[in-house]
Amino acid sequence: MDFSFEAKDQRWHLSPLSLGDMRRFKEWVQLRPWITLQNQRERIPSDLFGAESARLLAACMNKEIKEGSPEVSEAMETSEGITQLVYLSLKRNHPKLTTDEVEELLTTRNLKEVSELLVTASGLALAKKNETAT
């Protein structure tokens with residue numbers, strides 16, 4: 001089956017998410033508060049930023065997040081989470097692609113199509129069916 005979509009005048013090919021991809025996504029979820037702070041660096045006075053960044057990073061690293069946890073499930077439903085998952089799925093076939101570029105590929109017009117392709121390619125839909133069946 002073809003798990004591809006068209007955007008920016010190019011065909012983009014999704015790959016099934018590997019266990020390593022899911023581990024990287026879980027790590028992204030764990031570090032998400034710290035990453036958000038880093039993205040706000042220019043808005044925070046420099047004398048406060050360093051201490052807050054170190055405190056938040058330590059808190060993130062000390063918090064254990066397991067696959068299938070509410071934090072992971074909730075992150076999968078955010079635009080940032082979908083971007084991360086699509087990035088992880090695309091990088092095997094498009095190794096030079098960045099998350100910023102993935103953000104530009106995803107639009108309100110193609111988000112549903114790409115999300116459905118990702119879920120199907122990765123077997124996430126199958127996992128959901130199996131959970132409800134048991």
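The values are calculated or read from the model by the stated rules, or taken from the named source; none is laboratory data. On a predicted model such as this, the values are computed, not experimentally measured, just so you know. Note: ideal-geometry Cβ built from the backbone for every residue, glycine included; neighbour counts use all protein chains shown.
Residue pairs whose Cβ atoms lie under 9 Å apart, sitting 6 or more positions apart in sequence or on different chains, and linking a residue in region 100-123 that is among the hydroxyl-bearing types (Ser, Thr, Tyr) to a partner that is loosely packed, with under 14 Cβ neighbours inside 10 Å and in a helix (DSSP H, G or I), are Thr120/Leu126. List pairs: first in region 1-17 and farther than 16 Å from Leu88 by Cβ, second polar (S, T, N, Q) and outside any strand (DSSP E or B), Cβ under 8 Å, 6+ apart or cross-chain? Within 8 Å, the pairs are Met1/Thr120; Ala7/Thr107; Ala7/Asn110. State whether the residues of region 68-76 include one that is farther than 18 Å from Ser122 by Cβ, modelled with pLDDT of 95 or more and not aromatic (Phe, Trp, Tyr). Within region 68-76, not a single residue is farther than 18 Å from Ser122 by Cβ, modelled with pLDDT of 95 or more and not aromatic (Phe, Trp, Tyr). Could you tell me which of the residues Glu42, Glu71, Glu27, Glu80 is acidic (Asp, Glu) and more than 30 Å from Lys112 (Cβ to Cβ)? Only one candidate qualifies: Glu42.
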